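The values are calculated or read from the model by the stated rules, or taken from the named source; none is laboratory data. Being a predicted model, the structure only gives us computed values, none of them experimental. All Cβ positions, even for glycine, are placed from backbone atoms using ideal geometry, and neighbour counts span all protein chains on display.
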Ligand SMILES: [Zn+2]
Ligand SMILES: [Zn+2]
């Protein structure tokens with residue numbers, strides 16, 4: 001199917017592709033956090049029709065692998081992408097970032113990659129549901145399954161809704177944003193030992209759930225040790241292939257609990273995207289505040305620089321003619 005892209009967020013993963021940190025299959029067509037209108041569909045497409053407002057997903061469960069057949073499509077091993085490649089005008093095939101490639105007016109994806117949502121949503125906010133928002137929300141709701149009364153510590157500021165939410169970051173601006181989004185306590189880990197700080201804030205115990213949302217070994221160790229006994233550590237930050245973690249095996253055994261990776265928030269896009277859009281439209285989840293700025297397609301390079309300087313939560317490319 002073809003999607004007329006209306007908005008596409010600039011995500012860290014795009015930057016990783018650009019720097020060759022994912023693979024070296026240049027040239028890439030970046031952009032994967034997008035919303036837009038279905039422009040045309042192939043003859044076998046039944047889930048969407050031209051004119052539908054959709055959010056693009058980089059997980060499109062196949063329905064036939066052993067994980068899908070066991071009723072766990074969020075672990076699908078054969079997620080579907082468009083088999084036909086988009087190209088440059090001279091015919092050079094492009095590698096689409098995470099199988100999407102939405103820094104373009106029109107994007108070609110497999111039908112299963114498009115999830116129909118309420119068209120009342122602002123496109124620049126809705127697109128974020130396709131990657132960053134889903135990964136953060138899913139880490140808490142799907143992977144950690146945070147419950148009423150849990151204490152949660154997030155390393156690298158995300159967002160949540162539990163009884164005590166401790167935000168840990170090295171950047172004051174991110175901490176202030178976390179406070180605005182509902183964090184009850186802030187820990188500046190450039191100034192204090194975050195493990196001791198979290199213990200102090202939780203009666204000496206540690207948090208029920210800690211989330212590593214950065215993707216660095218030293219942060220993962222902090223999140224590991226900042227747990228209460230039998231607490232859960234969620235890894236949602238994306239590490240690079242060279243990173244290693246050295247943990248005391250007795251610490252791992254003796255503390256109990258669980259260490260769980262959260263890949264794309266263990267989401268099922270067809271289930272979770274419409275829920276997030278509904279929460280947004282009912283004012284329960286203020287996605288607009290994640291849109292730091294809207295930019296034109298030729299300003300993506302500047303947006304990468306701002307991202308690296310921690311100046312934005314999200315720059316979002318908008319396509320005025322869409
Ligand atoms: Zn992303
Ligand atoms: Zn599957």
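Here are some notes:
Yes or no, residue by residue, for (1) touching a helix residue (DSSP H, G or I) at 6+ places or on another chain (Cβ under 7 Å); (2) within 16 Å of ligand 1 (Cβ to nearest atom):
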position	(1), (2)
54	no, no
61	yes, no
71	no, no
74	yes, no
89	no, no
109	no, yes
121	yes, no
127	no, yes
148	no, no
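- Qualifying residue in segment 122-133 (condition: more than 16 Å from ligand 2 (Cβ to nearest atom), assigned by TED's automatic domain parsing to the domain that holds residue 26 and free of Cβ contacts under 8 Å to residues at least 60 places away in the same chain): no
- In segment 1-33, the residues that are in contact with a helix residue (DSSP H, G or I) (Cβ under 7 Å, 6 or more places away or on another chain), in a strand (DSSP E or B) and either within 16 Å of ligand 1 (Cβ to nearest atom) or without any contact (Cβ under 8 Å) to a residue 12 or more places away in the chain (or both): 7, 8, 9, 28, 29, 33
- Residue among 312, 300, 238 that is touching a residue at least 24 places away in the same chain (Cβ under 8 Å) and either part of a loop (DSSP other than H, G, I, E, B) or under 18 Å from the mean Cα position of the chain (by Cα) (or both): 238
- Taken together, 260, 255, 227 contain a single residue that is in contact with a strand residue (DSSP E or B) (Cβ under 9 Å, 6 or more places away or on another chain), farther than 15 Å from residue 154 by Cα and either surrounded by 14 or more Cβ atoms within 10 Å (Cβ to Cβ) or not assigned by TED's automatic domain parsing to the domain that holds residue 157 (or both), which is 255.
- Taken together, the criteria exclude residue 273 from residues that are surrounded by 13 or more Cβ atoms within 10 Å (Cβ to Cβ), free of Cβ contacts under 8 Å to residues at least 60 places away in the same chain and not in a loop (DSSP other than H, G, I, E, B).
- Tallying residues that are surrounded by fewer than 12 Cβ atoms within 10 Å (Cβ to Cβ), away from ligand 2 (no atom under 16 Å from the Cβ) and on the phi > 0 side of the Ramachandran plot within segment 61-112 yields 1.
- Long-range neighbours under 7 Å by Cβ, at least six apart or interchain, first residue free of Cβ contacts under 8 Å to residues at least 24 places away in the same chain and in the same structural domain as residue 62 (by TED's automatic domain parsing) within segment 91-116, second surrounded by fewer than 24 Cβ atoms within 10 Å (Cβ to Cβ) and not in a loop (DSSP other than H, G, I, E, B): 93/87
- Strands (runs of 3 or more DSSP E) (entirely within segment 141-219) containing at least 3 residues that are farther than 24 Å from residue 240 by Cα: 164-169, 185-188
- Set side by side, the residues 186, 177 differ, and just one is farther than 25 Å from residue 75 by Cβ, assigned by TED's automatic domain parsing to the domain that holds residue 246 and modelled with pLDDT of 90 or more, which is 186.
- Residue 56 vs. criteria over 11 Å from residue 1 (Cα atoms), surrounded by 14 or more Cβ atoms within 10 Å (Cβ to Cβ) and touching a residue at least 40 places away in the same chain (Cβ under 8 Å): yes
Table: residues versus (1) at pLDDT 95 or above; (2) in contact with a strand residue (DSSP E or B) (Cβ under 7 Å, 6 or more places away or on another chain).
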site: 94; (1), (2): yes, yes
site: 100; (1), (2): yes, yes
site: 108; (1), (2): yes, yes
site: 114; (1), (2): yes, yes
site: 119; (1), (2): yes, yes
site: 122; (1), (2): yes, no
site: 129; (1), (2): yes, yes
site: 135; (1), (2): no, no
site: 148; (1), (2): no, no
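- Against the list (1) on the phi > 0 side of the Ramachandran plot; (2) modelled with pLDDT of 95 or more; (3) surrounded by fewer than 15 Cβ atoms within 10 Å (Cβ to Cβ), the condition residue 283 fails is (2).
- Within segment 201-230, residues that are touching a residue at least 60 places away in the same chain (Cβ under 8 Å) sit with their Cβ atoms under 6 Å from residues that are part of a helix (DSSP H, G or I) and surrounded by fewer than 24 Cβ atoms within 10 Å (Cβ to Cβ), at 6+ positions apart or across chains, in these pairs: 222/195; 226/195.
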